[in-house]
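Enquirer: Before we start, here is the structure in question, set down as structure tokens.
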Amino acid sequence: MTVAQPPAAPTGFPVGNAPCVVRANRAVNDRYRHLVLEAPPPLCRATPGQFFHLLCPPFVDNEPYLRRPMSVYRVAPEEQAIEFLYNVVGAGTRSLARLVAGDTMSVMGPLGTGFTIEPAYRHILMVARGVGLATMAPVVPWACRRGIRVTAILSARSPQDLMEREFAQREDIRVHPVFDQDGTSAVGRVEALLRGILDADRPDAMFTCGSNRLMTLLQRLGTEYGVYGEIALEQQMACGLGVCLCCVRPIRVGGEIEHQRVCCEGPVFDLQQVAGTWRHG
Ligand SMILES: Cc1cc2nc3c(=O)[nH]c(=O)nc-3n(C[C@H](O)[C@H](O)[C@H](O)COP(=O)(O)OP(=O)(O)OC[C@H]3O[C@@H](n4cnc5c(N)ncnc54)[C@H](O)[C@@H]3O)c2cc1C
Ligand code: FES
């Protein structure tokens with residue numbers, strides 16, 4: 001079956017770079033933290049899937065080099081706030097975890113191309129794994145406020161790691177949690193779940209982030225059911241502005257492979273165009 005044609009890509013907002021004051025930085029669970037920054041108006045604009053490049057502050061025993069890309073979790077221009085959900089994995093995110101209210105950090109963005117969510121959609125399917133939940137969460141209020149129904153499969157190691165409340169943000173959506181701990185996140189089990197949803201209530205589009213295995217599965221089912229899909233890719237970055245080329249990924253365009261920059265042409269790509277995989281499982 002042919003896959004539905006992608007809608008036109010959204011245009012980005014002008015990029016700003018400014019010091020932002022930390023309003024809050026609290027643990028959500030053992031793995032993830034929620035950072036709220038006070039940001040000047042040019043930065044308080046982003047579409048779901050776009051990201052900011054954060055200059056994580058140096059500490060005596062921890063000096064992260066280069067900025068770190070972080071998807072926007074929420075922007076609230078009326079509160080002059082931008083928010084992030086992040087996993088502490090290395091030097092940069094360890095520095096972020098030490099920030100307290102009143103500290104200042106440099107933030108650049110919004111950057112990249114976000115998800116295309118057509119107002120004509122009636123039902124979308126979201127499949128997120130791990131911190132991919134943070135990247136996809138802003139889609140939920142965006143869709144719900146436009147009357148688009150959301151069904152989500154959220155995959156995590158264990159119930160303690162699942163940020164279901166942070167993902168749903170009080171919106172009325174249908175969530176199917178799956179876990180490594182009880183085997184429900186295994187590809188075969190998720191495929192059965194997806195087929196049930198696709199057969200009973202075919203979505204207009206599918207969105208995913210956070211897992212190569214889920215990407216491959218959704219590419220296969222998207223082709224079989226003829227459902228358009230998008231994926232937000234994660235790639236290590238340096239400049240974040242399209243100059244250094246360290247973030248390129250192979251993308252299929254017109255039967256050829258092009259190496260496109262995740263920071264500029266992405267991080268959101270047409271699901272069927274992404275070739276090859278990255279390190280995540
Ligand atoms: C567009 C984009 C949006 C992102 N959004 C979020 C988000 O909302 N929340 C969140 O927690 N994380 C997000 N990430 C990932 C985040 O940028 C990295 O976890 C962070 O840069 C790690 O920095 P560090 O100094 O703590 O770890 P490092 O010491 O740099 O790395 C620790 C480990 O993580 C690996 N790693 C680092 N960066 C990446 C990456 N980009 N992709 C895959 N593996 C990586 C390293 O190879 C190493 O194994 C996003 C990445 C991209 C590209
Ligand atoms: S990070 Fe430099 S080109 Fe993408």
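Enquirer: Suppose R0 equals 41 Å. What FRET efficiency, 1/(1 + (r/R0)^6) with r the Cβ-Cβ distance, do R157 and V253 give to the nearest 0.05?
Expert: E between R157 and V253, to the nearest 0.05, is 0.70.
Enquirer: Would you tally the net charge around G222, using a Cβ to Cβ cut-off of less than 13 Å, leaving G222 out, and scoring K and R as +1, D and E as -1?
Expert: Net local charge, G222 excluded: -2.
Enquirer: At 0.36 nm per residue, minus the direct Cα-Cα distance, what do A200 and R170 gain on full extension? Give it in nm, one decimal, please.
Expert: Fully extending the segment from A200 to R170 adds 8.3 nm.
Enquirer: Nearest 0.05, what FRET efficiency do L193 and R146 give at R0 = 22 Å with Cβ-Cβ as r?
Expert: 0.30
Enquirer: Further question on the same structure: If we sort 121-133, 153-165 on the protection proxy, mean other Cβ atoms within 10 Å, highest first, what's the order?
Expert: With the highest mean Cβ count within 10 Å placed first, the list reads 121-133, 153-165.
Enquirer: If the chain between E79 and Q236 were fully stretched, how many nm would it gain, using 0.36 nm times the residue separation less the Cα-Cα distance?
Expert: Taking E79 through Q236 to full extension adds about 53.5 nm, to one decimal.
Enquirer: Normalised by the residues of the stretch 16-111, what does the relative contact order come to in percent, with Cα pairs under 8 Å and at least six apart?
Expert: Normalised by residue count, the contact order of the stretch 16-111 is 41 percent.
Enquirer: For the stretch 60-174, just the Cα set please: Rg and Dmax, both in angstrom.
Expert: Values for the stretch 60-174 (Cα only, Rg and Dmax): 15.9, 52 Å.
Enquirer: Per the helix-only calculation at 222 nm, which mean residue ellipticity applies to the chain, given -39500 (n - 2.57) for every DSSP H run of n ≥ 4 and division by its residues, nearest 500 deg cm²/dmol?
Expert: -5000 deg cm²/dmol
Enquirer: Moving on. Would you calculate the volume per residue, in Å³, of the smallest convex hull containing every Cα atom of the chain?
Expert: Cα-based convex hull of the chain, divided per residue, equals 127 Å³.
Readers should treat all values here as calculations from the given coordinates under stated rules, not as data from a laboratory. The model shown is predicted, which means the values in this text are computed figures rather than measured ones. So basically every Cβ, Gly included, is an ideal-geometry build from the backbone, and we count neighbours across all protein chains shown.
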